[in-house]
Amino acid sequence: MRTIKLRISVVGKDTSPTWKRIREILNTSCKAANWIIAGYYMNDHLMDHLYDRKKIDPKDKKATKEVRDDFIKFFDVALSTMGYREIRQKFPNIPACIASALNLAVNQSYNQNKFEVLSGLRSLQTYKRNGAIPIHKGAFRFTRRKIDKAHRITWILGKDEHIRFKIYYGRDKAGYHTTVENILNGICGYGNPSLKLKGKDLFLYIPVKDPERKIALDPNIVVGVDLGIAIPAYVALSNGKAHAPLGNKEDFLRVRQQMQQRKRRVHSSCSMAKSGHGRHRICRAVEKIESKESNFAKSYNHFISKRVIDFALKNNAGTIHMEWLKGFGANERNKFILRNWSYFNLQTDIEYKAKRYGINVIKIDPYHTSQTCSACGNYEEGQREKQNEFICKKCGFVLNADHNAAINIARSSKIVTKKQDTEYDKRHKQDDNTVEA
């Protein structure tokens, strides 16, 4: 599932009342989202207080179910739909198509982070006015004009309230026109879209599910992807014949660090500015730089991930091996890299693009992949003393270090599906137990 970003504008002669209505809905929806998530948080705390007062063990499913049933009976509504009913009463100007999608999105987000929030590991999420507001996909209609075949979008807010939009594709390097055409023809499926107002521009974000392209690929041909520092991604086949470095650290970090320096300078100006419009103007400049930095990082990841898939297709590879890198940030020496580079986002981009062509993506244990010789299989510490060179101490084999690691990843059969399966995590727990003992 990928997300496309369409710039849209209201169609009509006098569009001022319509734009006013859109801004009113989006601004009120942010307040409603905060109201919903605060309600879920309050409900959970209230349930905990009831368990304590009645001396009920939260793990006792039968006893807790009785309390929850009494709670639902008292409010005469299910907990999952309580947010929808409340915002429909408190914010009547929000259409039902937003209220239902907003309640669902907030509910899913809260349940995903509930344990960390209630445990004090993170703060309760808040929704800002410039955020994207979800809308039920049934409220949108994609159409094609008969005159010029131009695409139009109709937003059905209610029985007698419709808003029509036209789409600006620009140079359309991402091929969004083709994607919308596929949606109209029923080739692509899509989920609940989101609206976001950014300055004077209105954007529609649509999660799209592309159909799998049936290509005759060989699942026995495996591509190993080594995500590194000097080279963002190095790809190689398991036989070691075809390989390629993708991207360059200097190109990526130079641009990213320049943006960070600009942000720090603007931040220092912001701290010295007095309160008022001047300070707000400087703070907006910080947000603009942060947005550019984020967009640059995402675009670079898309560039690298596309080249990984192109390499696999060129070599008829039906399988891609990548390292399991969750928990990689726990190491102090990696914090600088991770602050400037998102390996998780890059892996996510590779995974969803691979699914379009039916390529199977497998996560493998990263333990010793960079310190093992791909020629003889020997492992010794110090075989990768230099960042970009691997020298085997047993057979004398010399190869680019990232190339060697990519071959080992492609050949690895140590499949992992969770962090606890990795050898690094197992050894880390053993060390911790030894220290405690």
Exercise for the section: Step through the table entries LYS5/LYS159; LYS306/LYS386; LYS146/LYS353; LYS173/LYS314, compare each Cα-Cα distance with 31 Å, and write down the pairs that go over it. Expected result: LYS146/LYS353
Completion exercise
Ordering 61-69, 352-360, 315-323, 30-38 by per-residue average of other C-beta atoms within 10 angstrom, highest first, gives 315-323, 30-38, 352-360, 61-69
Problem - Pairwise Cα inverse-distance average, inverted: Kirkwood Rh of segment 170-249 (Å) - result: 16.7
Handout entry: Sorted by Cβ neighbour density within 10 Å, fewest at the top, the residues LEU102, LEU204
Key = LEU204, LEU102
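Sort 90-101, 363-374 by packing, meaning the average of other beta carbons within 10 Å per residue, with the highest value first.
Going by the mean number of other Cβ atoms within 10 Å, highest first, we get 363-374, 90-101.
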Problem - the chain: proportion of alpha-carbon pairs further apart than 33 angstrom, % - result: 53
Handout entry: More than 18 Å apart - percent of Cα-Cα pairs taken over segment 113-162
Key = 62
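Only helical DSSP H runs with n ≥ 4 go in: add -39500 (n - 2.57) per run for the chain, normalise by residue count and round the 222 nm mean residue ellipticity to 500 deg cm²/dmol.
-16000 deg cm²/dmol
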Exercise for the section: Show which aspartates and glutamates lie in cross-link reach of LYS59 when reach means a straight Cα distance below 14 angstrom and same-chain residues fewer than eight apart are skipped. Expected result: ASP48
Completion exercise
Restricting to lysines and to Cα separations under 30 Å from LYS61, and discarding same-chain partners fewer than 8 apart, the set is LYS73, LYS114, LYS418, LYS419
Completion exercise
Here the tail fraction of P(r) beyond 28 Å, over all Cα-Cα pairs of segment 7-150, rounds in percent to 34
Practice task
Could you order peptides 244-250, 44-50 by the average number of other Cβ atoms within 10 Å of their residues, highest first?
Solution key: 244-250, 44-50
Fill in the blank from the handout: Volume per residue (Å³) of the convex hull spanned by the alpha carbons of segment 80-236 is 246
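FYI, it's all coordinate maths here, none of it is from the lab. In this text the structure is predicted, and so the values were computed from the model without any measurement. Here Cβ is always computed from backbone atoms with ideal geometry, including for glycine, and neighbour counts include all displayed protein chains.
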